[in-house]
Amino acid sequence: MAPWAEAEHSALNPLRAVWLTLTAAFLLTLLLQLLPPGLLPGCAIFQDLIRYGKTKCGEPSRPAACRAFDVPKRYFSHFYIISVLWNGFLLWCLTQSLFLGAPFPSWLHGLLRILGAAQFQGVVIHCNHRIPFGDWFEYVSSPNYLAELMIYVSMAVTFGFHNLTWWLVVTNVFFNQALSAFLSHQFYKSKFVSYPKHRKAFLPFLF
């Protein structure tokens, strides 16, 4: 990666700044809650802002100004409605652009630039195959296939080790990705005489 691209990639764009600010705010709030009760700030509005649901019920009488902004959980459907409308609009724009050649709205381009998406636009240097190096490529030819398998395994662990159906899905993904990785590995070995001998196709040090 070129130095200018690396510097741009590591820059603190607005989207990263928002997430960093939120993270710092929640960390500070957590640390305040860990203080002994006598040292914990007694601001009712502060406590009201950080609590919801059952954690808010046991609190002392809340200010009327805070109660006025309470939103019952049963009203949470507006989140899904807005999400469906917004993502449906984005899907429609993408479909128009891919199949009909329609340009993206200029304001959407501007929004993506503000959110930092512009930093991921690189320059195509060449379209030829090259031997990849670095990170997981030092161990396997297709780390993307290995990463996908790890995603499915992590989901299997999350679902519980006794979910046989999902483990069958994992097994299918394993052999599917292993086949693709093996074919890619064979391609690299046939195309490049200097391809690293120690590099495996799919599983580090094994296969």
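The values are calculated or read from the model by the stated rules, or taken from the named source; none is laboratory data. This is a predicted model, so every value here is computed, not measured. Cβ coordinates were reconstructed from backbone atoms using ideal geometry, including for glycine residues, and neighbour counts include every protein chain displayed.
Taken over the range 148-182, the criterion of being among the aliphatic types (A, V, I, L, M) and surrounded by 13 or more Cβ atoms within 10 Å (Cβ to Cβ) is satisfied by Leu149, Val153, Met155, Ala156, Val169, Val170, Val173, Ala178, Leu179, Ala181. Put simply, of Tyr195, Tyr188 the only residue that is of a type in the set (Ser, Thr, Tyr), over 30 Å from Ala17 (Cβ atoms), over 21 Å from the mean Cα position of the chain (by Cα) and outside any helix (DSSP H, G or I) is Tyr195. Being within 23 Å of the chain's Cα centre (by Cα), part of a helix (DSSP H, G or I) and either at pLDDT 70 or above or over 30 Å from Asp135 (Cβ atoms) (or both) narrows it down to one residue among Leu49, Leu28, Leu85; which is it? Checking each option against the conditions leaves just Leu85. Among the residues making up the range 187-199, those that are touching an Asp or Glu at 6+ places or on another chain (Cβ under 9 Å) and surrounded by 13 or more Cβ atoms within 10 Å (Cβ to Cβ) are Pro196, Arg199. Apart from one condition, Phe202 fits all of (1) part of a helix (DSSP H, G or I); (2) of a type in the set (Phe, Trp, Tyr); (3) surrounded by 12 or more Cβ atoms within 10 Å (Cβ to Cβ); (4) at pLDDT 90 or above; the exception is (1). Of all residues assigned to the range 92-101, at least one qualifies as being hydroxyl-bearing (Ser, Thr, Tyr), surrounded by 12 or more Cβ atoms within 10 Å (Cβ to Cβ) and free of Cβ contacts under 8 Å to residues at least 24 places away in the same chain.
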